[in-house]
Structures are given as C-alpha cells and as structure tokens.
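Nothing in this text is a laboratory measurement; each read-out follows from the coordinates by a stated rule. All figures in this text were calculated on a predicted structure; none of them were measured in a lab. We place every Cβ from the backbone using ideal geometry, glycine too, and count neighbours over all the protein chains shown.
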Amino acid sequence: MPSWQKYNLQMSRILIIEDEAAIRRVLTKILSEESDTYSVEDAEDGIQGLEKIKNNDYDLVLCDIKMPKMDGVELLEAVKKIKPEIPMVMISGHGDMETAIQTMRLGAFDYISKPPDLNRLLNTVRNALDKKQLVVENKILKKKVSKNYEMIGESQAINHIKLMVDKVAKTEARVLITGPNGTGKELVAHQLHEKSERANFPLIEVNCAAIPSELIESELFGHVKGAFTSAVRDRAGKFEAADKGTIFLDEIGDMSLSAQAKVLRALQESMITRVGADKDIKVDVRVVAATNKDLKTEIAEGRFREDLYHRLAVILIKVPALNDRRDDIPLLIDYFTEKIATEQGIVPKSFSNQAVKLLQEYDWTGNIRELRNVVERLIILGGNEISETDVQLFASK
C-alpha cells in the first residue's frame, strides 16, 4: 500500500485552543461526531497550546484570537517558526475580523467567525486536513526523489564533490558540471537544487543533445501561435517553467550557436522572448549546465561561445570516470543491488569478495551507468551469491 494511503487511514489529530470552555466543548463535540478518524484535544490558553504543539504532532490547530497570556496572533507567529507545516484556522469574534485577516497574511490557513457556522467549520477542517495530507505526500515523494539522486561513494574525489555541493548549493552561483557520459552529472545537479533555497520550486531538466537544433529555441523559450508551421497555440518554454527554481541544461555543448546567444541573454538580463514574439518575459532561474565535451576546444573551433562559457562556469565541478574511483565500486554494487531488488520485488543477492574484486578490475568505459546494467544482469542470471564465475560468464563485454 502506498505511504499516502496509509496516512489516509490514520487518525487526524486536531488541537482546539480556546479560553472559553463552552466553545471548546461545542467544537470538540462537533468534530468528534463528524468523523471517527478525528482525534480532538484542547488547550485553554495560548501558552498551554504552544506547549502541546511543541511536544506533539498535530494535523490541524483551531485557535481563538482573543485569549489571555498569549493571544492567537502571537501563537500563530510562534508556531510558524517551529512547525510551519501545521495548518492553523483562527477563530474570530465579530470585533476581530481585521485581526483575522492579518493572521491570513501571517500564514493562517483560514479563519471562522463566532458562533461558527457548522458547514463552514467542517468544510474548513476538511480542506485544512487535505492540505496537510498533500504536504505529507510531497515529503514522501521528495524523499523518494532524493534517494534516486544520492551520490554514492567515499572516495576522495566524491567527497570533494559533496563538499563543493554543500558550499555552492545555497548560493546563486551558476555551475558547470563536466565529466564523461554515465558518470552521474545529473546527480550533482539534483543535489545542488535540493540543497538550495530554490528546492521548493521546480528543477527543469533539458537534454540539449536530444532536441533537434531547429526546435531547441522553442523548447527553451516557448513560442507564440503561428511562429512556425506546427505552432498551433502559444506555448511556454522550459525557462518559464523553471521560474523561481533551477534549469538543468544537460549536454549544453550540443546546443546550437543561435540558442546559445539567447541563453546568454537570459543569463545577462534575466529576460527571455518566445519564438515569434516581441514581448520580453522576466524569469528568475538558476542555471546549472553539464557537458561531456571539452568546451575550451569547442570554443577554439567556433562551436561554443566563449562569453557563454564564462557566464556558466562560475563554479566548475568535474565528475570523475568510474575507473578513477574504483574504491567506490563495492558501495555502488551494494546500492544497486538493494535498489534493483526493491524495484523488482525480489530478495537482494550478495556478491562474493572475489566477484567484487574482479568487478573492481574491469575497464568501465560506460562508467556508473554500465556498472548498474552489469549488476542487474548478474542478479538476474547469477546464483544466490554472485560468484567470480558468474562475473566471468555474465559481465563480459
């Protein structure tokens, strides 16, 4: 069963913070009778409520605005600092409407008036709980995505890259990632994004080598209806889709010179123009690029713009070939074995020491991508423990 479905079956914990005992009782009765999946607790003032929130995990808080000791506005500000994911619904008297609107600006999910309208109350509670559920689902999904883009290894070269990522990620510096095909350049790009201040916004990936040169500008910058024969409607490009987030231009060495000029303008002015349009569009995008080519050679031969290179290569990260980090191969074998077993729903197999040693001696021209394929082949074709003989039989090129 998916994790989010398990979450659906769990109790929703709701905390009511209200200094009037009669209103606490009414709200508790209404919510308890509405659903047997609601677990309702209460607190008689803001200080008691804050203490409960610190020590427990709630899915929703209903909070009065006018209370002694600590009012609802102060409590809301405190909760948003320690547990910002909890939706808070403010309860306002008729004279508190202006304050209630202020709480929305401070991050409250909604507010309801006293005495509460039953339908409005229940709809607000359901909507707030739905929002909390989406937050949980997104966290679960993000953990899965993060796990798919782990950088596995403890070699000096990989530890150096991890250190660079930690230093650079939270800045706005542009990064150029270099290295042979199959070394995991996209893993570095994902780590840069996930550890950045832009992590809650999109990471848009563009494989410049996979898009025909006549379409790359439309793909990156969008187009307007009628810009070319197949442009039957307006279409936003990847730069617009990545607004506030990160765009990863993979294999940028294969980009056409005309597209390079437009990317340069986007970097210089934070502006793009759709193909066939006159109107400029402002974008706020961090650019991370990658290539398996020697861009300085490409510049010398007139295939890559030197000014674009210097704009992109503020920080250079070189990802080594697998042959240059053989000490990481045992860790990578373990990682791929677990991952493949999970994907295929089978019991993970072990590799003998001799099998691992033999794999460490191979010439990995296809780098990590090739190693993963070989591990999968050995798991499918080899014995319960992958032996040196299995490697000789099934890992040959």
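Structure data summary
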{"item": "Over segment 323-394 - Rg/Rh using Cα atoms and the Kirkwood inverse-distance radius", "result": "0.92"}
{"item": "Cβ-placed point charges (K, R +1; D, E -1), dipole of the chain about Cα centre in debye, nearest 20", "result": "500"}
{"item": "Mean Cβ neighbour count within 10 Å, used as a protection proxy, ranking 67-74, 150-157 highest first", "result": "67-74, 150-157"}
{"item": "DSSP beta bridge pairing in the chain, given as percent antiparallel to the nearest 5", "result": "10"}
{"item": "Mean Cα-pair separation over length for the chain, i.e. relative contact order, pairs under 8 Å, 6 or more apart, %", "result": "12"}
{"item": "For segment 3-145, fraction of C-alpha pairs farther apart than 18 Å, in %", "result": "54"}
